[in-house]
Amino acid sequence: MSISWQKNSLKIALVSIISLTLFSFSREGEELKILDDLIATSERQLAIQKELKALIVEFHTQQDLFCDGPEKGQKTKELASQMVDTAMKIQQMAADNHYLHLLPPFFFEELKRFANVGKKQTPTVQP
């Protein structure tokens with residue numbers, strides 16, 4: 001009985017090895033698709049991060065111009081409106097992509113103040 005049990009075990013092992021081999025051949029190239037998907041996701045995230053960085057740089061530039069004041073030829077009201085729009089875009093993009101926790105708290109609070117001004121200026125449509 002011991003010999004037939006060994007033969008059966010050997011047959012089961014052989015069938016398992018063949019099945020695994022066939023299964024692995026049927027999925028050949030899957031690792032490349034996984035890496036392609038990972039690269040595509042990384043590229044999308046990088047594009048979002050670059051856009052977010054550009055918005056933050058724009059916001060800082062607007063702040064500097066606002067601080068320089070009207071003596072430098074800037075229209076203060078127009079510039080403040082642009083800062084509100086930019087702050088709202090930054091806040092929305094950071095929230096949509098789960099980056100809010102990466103922003104320093106003082107910067108995030110500043111964005112909230114500007115974004116709140118924008119929300120107050122946005123007219124609400126009543127039915």
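The values are calculated or read from the model by the stated rules, or taken from the named source; none is laboratory data. Treat the numbers as computed from the prediction; the structure is a model and nothing was measured. All Cβ positions, even for glycine, are placed from backbone atoms using ideal geometry, and neighbour counts span all protein chains on display.
The condition (being modelled with pLDDT of 90 or more, out of contact with any strand residue (DSSP E or B) (no Cβ under 9 Å at 6 or more places or on another chain) and basic (K, R)) is satisfied by just one residue among R44, R27: R44. Does T76 satisfy the condition of being polar (S, T, N, Q) and either at pLDDT 95 or above or surrounded by 11 or more Cβ atoms within 10 Å (Cβ to Cβ) (or both)? Spelling it out, T76 is indeed polar (S, T, N, Q) and either at pLDDT 95 or above or surrounded by 11 or more Cβ atoms within 10 Å (Cβ to Cβ) (or both). When restricted to residues that are in a helix (DSSP H, G or I) and in contact with a Leu (Cβ under 8 Å, 6 or more places away or on another chain), segment 60-87 contains 7. When the criteria are applied in full, I39 meets the requirement of being at pLDDT 90 or above and either touching a strand residue (DSSP E or B) at 6+ places or on another chain (Cβ under 7 Å) or more than 30 Å from K119 (Cα to Cα) (or both). F114 falls short on exactly one of the conditions (1) at pLDDT 90 or above; (2) surrounded by 11 or more Cβ atoms within 10 Å (Cβ to Cβ), and that condition is (1).
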